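**Q** If you scroll down you'll find the structure; I have some questions about it.
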Number of protein chains: 4
Amino acid sequence: METFKIPEKMKAMTLTAYDKLAMAEVPVPKPGPGEVLCRIKSVAICGSDPKMIHGGYSFANWPPYYPFIMGHEWSGQVVALGDGVKDFVPGDRVAGEAHVGCGKCDNCKKGHYTVCLNYGKDGKDGGLDMGHRHYGFYWQGANAEYNVYKTSSLHKIPDNVSYDVASMCDCAGVAFHGVELAGVTPGGTSVVIGPGAIGLSAMMECKALGSSQVIMIGRGSKLEKARELGADVCIDFEKEDPVKRVLELTGGIGADEVMECSGAMDSPMKACKMVRKTGSVAIIATYHNDEVLIPANTVNFNEIHITGSKANPNVSEQVLKFFSSGAIDGEKLITHRFPLEDYAKAVELFENKKGGSLKVVINP
Amino acid sequence: METFKIPEKMKAMTLTAYDKLAMAEVPVPKPGPGEVLCRIKSVAICGSDPKMIHGGYSFANWPPYYPFIMGHEWSGQVVALGDGVKDFVPGDRVAGEAHVGCGKCDNCKKGHYTVCLNYGKDGKDGGLDMGHRHYGFYWQGANAEYNVYKTSSLHKIPDNVSYDVASMCDCAGVAFHGVELAGVTPGGTSVVIGPGAIGLSAMMECKALGSSQVIMIGRGSKLEKARELGADVCIDFEKEDPVKRVLELTGGIGADEVMECSGAMDSPMKACKMVRKTGSVAIIATYHNDEVLIPANTVNFNEIHITGSKANPNVSEQVLKFFSSGAIDGEKLITHRFPLEDYAKAVELFENKKGGSLKVVINP
Amino acid sequence: METFKIPEKMKAMTLTAYDKLAMAEVPVPKPGPGEVLCRIKSVAICGSDPKMIHGGYSFANWPPYYPFIMGHEWSGQVVALGDGVKDFVPGDRVAGEAHVGCGKCDNCKKGHYTVCLNYGKDGKDGGLDMGHRHYGFYWQGANAEYNVYKTSSLHKIPDNVSYDVASMCDCAGVAFHGVELAGVTPGGTSVVIGPGAIGLSAMMECKALGSSQVIMIGRGSKLEKARELGADVCIDFEKEDPVKRVLELTGGIGADEVMECSGAMDSPMKACKMVRKTGSVAIIATYHNDEVLIPANTVNFNEIHITGSKANPNVSEQVLKFFSSGAIDGEKLITHRFPLEDYAKAVELFENKKGGSLKVVINP
Amino acid sequence: METFKIPEKMKAMTLTAYDKLAMAEVPVPKPGPGEVLCRIKSVAICGSDPKMIHGGYSFANWPPYYPFIMGHEWSGQVVALGDGVKDFVPGDRVAGEAHVGCGKCDNCKKGHYTVCLNYGKDGKDGGLDMGHRHYGFYWQGANAEYNVYKTSSLHKIPDNVSYDVASMCDCAGVAFHGVELAGVTPGGTSVVIGPGAIGLSAMMECKALGSSQVIMIGRGSKLEKARELGADVCIDFEKEDPVKRVLELTGGIGADEVMECSGAMDSPMKACKMVRKTGSVAIIATYHNDEVLIPANTVNFNEIHITGSKANPNVSEQVLKFFSSGAIDGEKLITHRFPLEDYAKAVELFENKKGGSLKVVINP
């Protein structure tokens, strides 16, 4: 068993107020029972990160306190074990999930640990800590040299997958969970709305699961990326009506399933209008305004299934295998890399889609 | 084999323009291959009937022509067979479904015949008749002494079920399909919004399928009927906040499933807010305005499943067994009976909920 | 919060060798992190108990050591908490499940914790304890005054359910899991083979979930009990051919689903022959010889689904609600009660079906 | 619309007694309502064909009469329409399914038309013809220049798929239905037992649906073909224990799903022993002896799902798309072609696996 020297202090990028980021030197945390300490190697920036920095998740109480260490798409190396840990050894290369369930509520026991009934009960302010963790959202995250994790949030990385690619396990997993909930019709037509990193992952996953025609709806350079990564048809919604075009491409019947990854307020409406009778729509995105319109009579008449998809439960192993086999071409999703010190710059570039940025990875 | 004397002409209640009903004497139709002629015994008035009479379904092209014979919730007796009919004999007591699939499209072959891909292709105006029928909507219905039906739309009535009760097979079946699509959690909490005949049927079906706590949301005399028919809890939405109350009744977790049978524009929103994480909402109703709001982030965060439910495929046998066993107390749903001549009066009473009317049955 | 005086020593019924039972005074165990100490109130004897006593589970390494405290269908009261326990308080009345998952393997994370991939890894003989527990099988059980349990194996008992009835939560849960896996067709025909406590529970559960005709196959006094508890049809397999009879009762079509709870070597064969095309057979029983015949061509031609059903994951809350509502009439399943000292006598009576014994409960 | 000259007489290969084949000149059949006449272009020989010739299906009453025209895996061209046919025109290139449902029974209405409850009711011997067809088994088949078919059994062939490849639509569809019933775990391990044409199709389908490791179990030249067509691992069961090897290849956990396509009497037993806890086994093959052993306790303990898979309902469109995309490499499955006159020779070569024969196609 390898041994690692663990320093007392570490560098961490902290959020100290909305729109205030600061590098800090903080104590290296210690793993409790069932936890391990990891040396963080790569953290991918997620679309939710700039939103949280700007205060866009105040309704969700994210971040819960200051200074807060964000970062939830990460990979690293196990360097120390807490009591009772038997499924990992120091030296293991691992990718993390953002959620760990409480393990005791009805949803966790049934496998739905990203919708744990004890979500958010973190023991702060006199409440009970019921054991759920949402790393980087209401629990300390990966924007630092080290962090501790419950082992049930970790997955070993295949040898041929780099830390940088593995840090997108959570991102591609969010896509994959939605894809699984909507279902992919082998030989059918799948639509993905929104060619960000989640949408592009969803697109590659639909192809890997046997869809015959994967259609991406978007615009600009990200739509070009979709074409490069293998989308069968790309629809620029600024140039043509995507609903009309999808119906044309499917002989008037509509797509078998639609993965809504854009977060645009009118996308759920369009998704329901381009999907076939008995088709499925996965709501993988979130919206800046909670109240979104759907065509309720169409949903009824056409027996459409709309399913919310929360994070990435139970799919990390599959995503890592898809990275390993190349079914998801992870390297092509990464456009920029920065050291932890440059996190603010990295976020700014990512958020404003500068330099053709798609997935931006931090190496603490 | 019984034989029946079939007259040349019959009485029929026809719609001759929006809001214009007229009794007429018309030829008794002849059954084609695979069809039978039925003597109509009972026709239940559905919420869609007054709406169609007033022109509220012009967007759906209902009725497709004038004079049109409406009526789709019906029971009767087989009195003559078309060519090749081997599954029925004259004398059989039968209840009808409103839909018959084309039998050849992808959806029909998979069993989803109420969302037939050839819906509405009726051979009129130079188009092809692809074989789907929607009796009483775009194909001749039951508001007459006789009508012809494809045998695949018919089900034999158990001996202990009356024609009047059996005429509600379609109505209770619409409820049942939604209940099946949402799923009933044995030992769980089910909510039904809207105590009309469909909602009351859904309520009794939830109980029959093992729900431990069935909550009805509504108001007035129909809510009283829900209580009488066995709802565990009745919430008057004019007197208390139904979302808050359902959360209280479930320890803050929410209902396992919600059957939206009200058609009120704000019900889908409320349904999503009162259902638990991973819960289901069935959209069984239709809405006077197609564009309806849902809480999209809640749908995503809580992984809620919303499913459109179209009519009553594949459940008639089950509904008839529930009528027979008393699991659905059909007699208690019927409040008034009228002869065909009084159809306009019956509709008026039904539509305006006069005299505590719930289900109004016509006996042609 | 109530406090309880915990003694140092307790009485326990131990297995010291095959067919050797001995009362012993042993230390009261101490709850570790995430565990609670329970005062055992009731333990129901399961069909597996005499089999284990006689050495019939040597292939499974049950018991794993001597002296061993068996007993896995139990209820009791929480009397002390281990570190970090926040979901229970002393005084809580609880019913237990036999299995707790490791919480980290692929199956546990997906909710299938009774088929945990770390099953049996108990830390003995130099191996790793991976955290799964099978109380009363390879981990200390309930045949004693006290035992410790992980809280995720516990469920609060509704006020109107007695400890004795609640001790059958595991038994009725084993039935319920099988019933859920096979599925109950509302308005359909369900067959249960084997009117022991599991089969009788399955029968009542099928009725509670909407089956219109529940058929029990068995013989003798237990078959009489089935009739008393509400079976629609009872078939004595010594007097008539059950396959032929089920086909007659279903118009030649066969039952919608069959719950095989008998463990008779020829029951799976018969089950496949009496179930309809597309029907389901749940294998809830185990067999004294692992190699059992099925009619493979019939399985293929009729597209039959056979599903193994292991223990009672995720159904305890539902079973307790059914006990509370009376949907499962627990009191009628209990025929005898004994103090712990008389365990050997109780097992002997239970095993040999003396005195009309069905469910025999021990009160330590 | 193209018109075709239809002769009065045609050549047909007939079975006149067990093991007696004879070319005959017979009338060209006429399409009834809802039927079309097809000029047969290609008929693929199925493993069931020699078995039927030798009398191996006497238990199933196949063939039902003499002389009988067999042949059920076929493609051809529509040349004449019966009354009411609107979904095809003369000239259409089509591939056929062996089964057409009655369209009226409970199973057909739910989409399970290969397990039609009116199977075999063909109107012979004074019984009723209820409308189900099993072409080439109990209804006239494709070993002739022409045959009539109900249109719901037909699918249009994509332009880039040849008649010869399209004739395997039924064969690859049988595999696909089993694959869908068992389910393919994306990123998982799938095992196929039996590298015949069905097994090889299943193998390619598992890969197309996202399996990361597809293991073929067989021997000889067919196992070599599996390697050539992309099996990730090939296990020669004469050289090593396939159960042991599959467990090794999966870290002791077992395969996610097993497609049993071999028909060997010990394959179901092995399949259950090499599949993981909660895994699935599809019984796609049939057996020369109906009574087959399974490890019932393993099925119970490991919660294994065994599913019979009957023919190819609802998958032809998907299979044709997979032929078109190359996901199933149809050309590589075809090893020999013969004219109708050489049918006996073709069957002999196919049955005895001479000349590396795999799929042998007849061109009438």
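Readers should treat all values here as calculations from the given coordinates under stated rules, not as data from a laboratory. Remember, predicted model here, so these are calculated numbers, not experimental data. Cβ placement follows ideal geometry from the backbone for every residue including glycine, while neighbour counts extend to all protein chains displayed.
**Q** Quick one: putting +1 on the C-beta of Lys and Arg, -1 on the C-beta of Asp and Glu, what dipole do you get for the range D:175-308 around its Cα centre, in Debye to the nearest 20?
**A** It works out to roughly 200 debye.
**Q** Here's another thing I want to ask about it. Sort the following peptides by mean Cβ neighbour count (other Cβ atoms within 10 Å, averaged over residues), highest first: A:20-28, D:28-36, B:261-269, D:191-199.
**A** With the highest mean Cβ count within 10 Å placed first, the list reads D:191-199, B:261-269, D:28-36, A:20-28.
**Q** While we're here: If amide hydrogens are placed 1.01 Å from N in the peptide plane, which non-local residues have theirs closer than 5 Å to the one on A:Gly279?
**A** Hits under the 5 Å cutoff: A:His305.
**Q** Still on this structure, please answer the following. Taking a point 7 Å out from Cα toward Cβ as the label site, list the nm distances between C:Tyr66 and the same residue in every other copy, smallest first.
**A** 6.9, 7.0, 9.5
**Q** In sequence order, what are the phi-derived ³J(HN,Hα) couplings for the range B:177-192 according to the Karplus relation 6.51 cos²θ - 1.76 cosθ + 1.60 with θ = phi - 60°, rounded to whole Hz, with x for glycine and proline?
**A** Rounded to whole hertz, the list is 4, x, 4, 5, 5, 5, x, 10, 8, x, x, x, 10, 10, 10, 10.
**Q** What trypsin sites (Lys or Arg not before Pro) does the range B:282-364 have in DSSP loop regions with at most 16 other beta carbons within 10 Å?
**A** B:Lys353
**Q** Rounded, prolate or oblate: which fits the range D:1-60, taking a ≥ b ≥ c as square roots of the Cα gyration tensor eigenvalues, rounded meaning a/c under 1.5, else prolate when a/b beats b/c?
**A** Cα axes put the range D:1-60 in the prolate bin.
**Q** Could you tell me the relative contact order of the range B:175-308? Use alpha-carbon pairs under 8 Å, at least six residues apart, and round to a whole percent.
**A** Rounded, it is 24 percent for the range B:175-308.
**Q** 5 Å is the cut-off here: which amide hydrogens, built 1.01 Å from N in the peptide plane, fall below it relative to D:Glu73, excluding neighbours closer than 5 in sequence?
**A** Here the answer is D:Ala44, since their amide H atoms fall under 5 Å of that of D:Glu73.
**Q** Another question, if that's okay. Evaluate the relative contact order of the range B:64-146 (contact order divided by residue number), counting alpha-carbon pairs under 8 angstrom at least 6 apart; express in whole percent.
**A** Dividing the mean separation by the residue count of the range B:64-146 yields 33 percent.
**Q** If each label sits 7 angstrom from Cα along the C-beta direction, how far apart, in nm, is A:Pro339 from its counterparts in the other copies?
**A** In nanometres, ordered from closest: 7.7, 8.1, 9.7.
**Q** Taking N as the number of residues in chain A, what is its alpha-carbon radius of gyration divided by 2.2 N^0.38 Å?
**A** So the Cα radius of gyration is 0.98 times the expected 2.2 N^0.38 Å.
**Q** Excluding D:Met168 itself, calculate the net charge of residues whose Cβ lies under 9 Å from the Cβ of D:Met168, where each Lys or Arg counts +1 and each Asp or Glu counts -1.
**A** Counting the neighbours of D:Met168, the net charge comes to -2.
**Q** Give the average, rounded to an integer, of partner chain Cβ atoms located within 10 angstrom of each Cβ in A:308-319.
**A** 5
**Q** For the range C:265-364, which GluC sites (Glu not before Pro) are both in a DSSP coil and crowded by at most 10 other Cβ atoms within 10 Å?
**A** Counting only loop positions with at most 10 other Cβ atoms within 10 Å, none of the GluC sites (Glu not before Pro) in the range C:265-364 qualifies.
**Q** I want to verify the translational diffusion coefficient of the range A:157-204 in µm²/s; compute it with Stokes-Einstein, Rh as the Kirkwood radius over Cα pairs, at 20 °C and 1.002 mPa s.
**A** It comes out at roughly 183 µm²/s.
**Q** Binned at 10 Å from 0, what are the whole-percent values of the Cα-Cα distance distribution for the range A:236-364, short to long?
**A** It works out to 11, 28, 33, 22, 6, 0, in whole percents.
**Q** So what's the net charge close to B:Thr278: Lys and Arg +1, Asp and Glu -1, counting the other residues with Cβ under 13 Å from its Cβ?
**A** +1
**Q** A further question follows. Scaled to the compact-protein estimate 2.2 N^0.38 Å, what is the alpha-carbon radius of gyration of the range A:175-308, rounded to two decimal places?
**A** Output field value: 0.92.
**Q** Mind checking D:274-287 for the average number of partner chain beta-carbons within 10 Å of each residue's beta-carbon?
**A** Mean partner-chain Cβ count within 10 Å for D:274-287: 4.
**Q** Under the classification rounded if a/c is under 1.5, otherwise prolate if a/b is larger than b/c and oblate if not, where does the range A:37-179 fall, given a ≥ b ≥ c as square roots of the Cα gyration tensor eigenvalues?
**A** It is rounded, given that a/c, with a ≥ b ≥ c, falls under 1.5.
**Q** So if I take the centroid of the Cα atoms in the range C:67-82 and the same for the range A:211-282, what is the distance between those two points in Å?
**A** With the range C:67-82 and the range A:211-282 each reduced to a Cα centre, they are spaced 56 Å.
**Q** Sum up the charges of everything whose Cβ sits under 15 Å from the Cβ of D:Met23, counting Lys and Arg as +1 and Asp and Glu as -1, but leave D:Met23 out.
**A** Here the charged neighbours net out to 0.
**Q** Quantify how strongly other chains surround peptide D:288-295 by giving the mean number of their Cβ atoms within 10 Å of each of its Cβ atoms.
**A** 6
**Q** So which residue, out of D:His72, D:His288, D:His336, gets the largest mean-square fluctuation from a GNM of chain D using Cα contacts under 10 Å as springs?
**A** Taking springs between Cα atoms under 10 Å, the residue moving most is D:His288.
**Q** Continuing with this model, one more query. In nm, give the distance between the simple-model label positions of B:Tyr66 and C:Val233, each being 7 Å from the Cα along the Cα-to-Cβ direction.
**A** Between B:Tyr66 and C:Val233, the simple spin-label model gives 5.5 nm.
**Q** Considering the Cα trace of the protein assembly as shown, what is its radius of gyration and what is Dmax, both in angstroms?
**A** 32.5, 99
**Q** Follow-up question, since we're still on this one. In the range D:4-102, if every C-alpha pair distance is counted and binned at 10 Å from zero, what percent goes to each bin?
**A** Spelled out per bin, shortest first, that is 14, 41, 34, 12, 0.
**Q** May I ask for the percentage of alpha-carbon pairs in the range D:137-249 that lie more than 20 Å from each other?
**A** 50
**Q** Using amide H atoms built in the peptide plane, which far-off residues or other-chain residues are under 5 Å from B:Asn147 H to H?
**A** Answer set, sorted by chain and number: B:Cys38, B:Ile40.
**Q** Determine the calculated [θ] at 222 nm for the protein assembly as shown from helices alone, applying -39500 (n - 2.57) to every DSSP H run no shorter than 4 residues and normalising by the residue count; nearest 500 deg cm²/dmol.
**A** Using -39500 (n - 2.57) per qualifying helix, the result is -6500 deg cm²/dmol.
**Q** So which chymotrypsin sites (Phe, Trp or Tyr not before Pro) in the range A:62-127 pass both tests, a DSSP loop state and at most 13 other Cβ atoms within 10 Å of the Cβ?
**A** In loop regions of the range A:62-127 (DSSP not H, G, I, E or B), the sparsely surrounded chymotrypsin sites (Phe, Trp or Tyr not before Pro) are A:Tyr65.
**Q** Just name one of A:Val361, A:Ser267, A:Val214: the one whose Cα is farthest towards the positive end of the charge dipole of chain A (beta-carbon charges, Lys/Arg +1, Asp/Glu -1).
**A** It is A:Val361, whose Cα lies furthest towards the positive end.
**Q** Closest approach to the B-D rotation axis by any Cβ of B: residue and distance in angstrom?
**A** B:Gly111, 2
**Q** Ordered shortest first, which distances in nm separate the 7 Å Cα→C-beta label point of D:Asp129 from those of the other copies?
**A** Output for D:Asp129: 2.2, 7.3, 7.7 nm, nearest copy listed first.
**Q** Between the range D:318-346 and the range B:297-364, how far is it from one alpha carbon centroid to the other, in angstrom?
**A** 53
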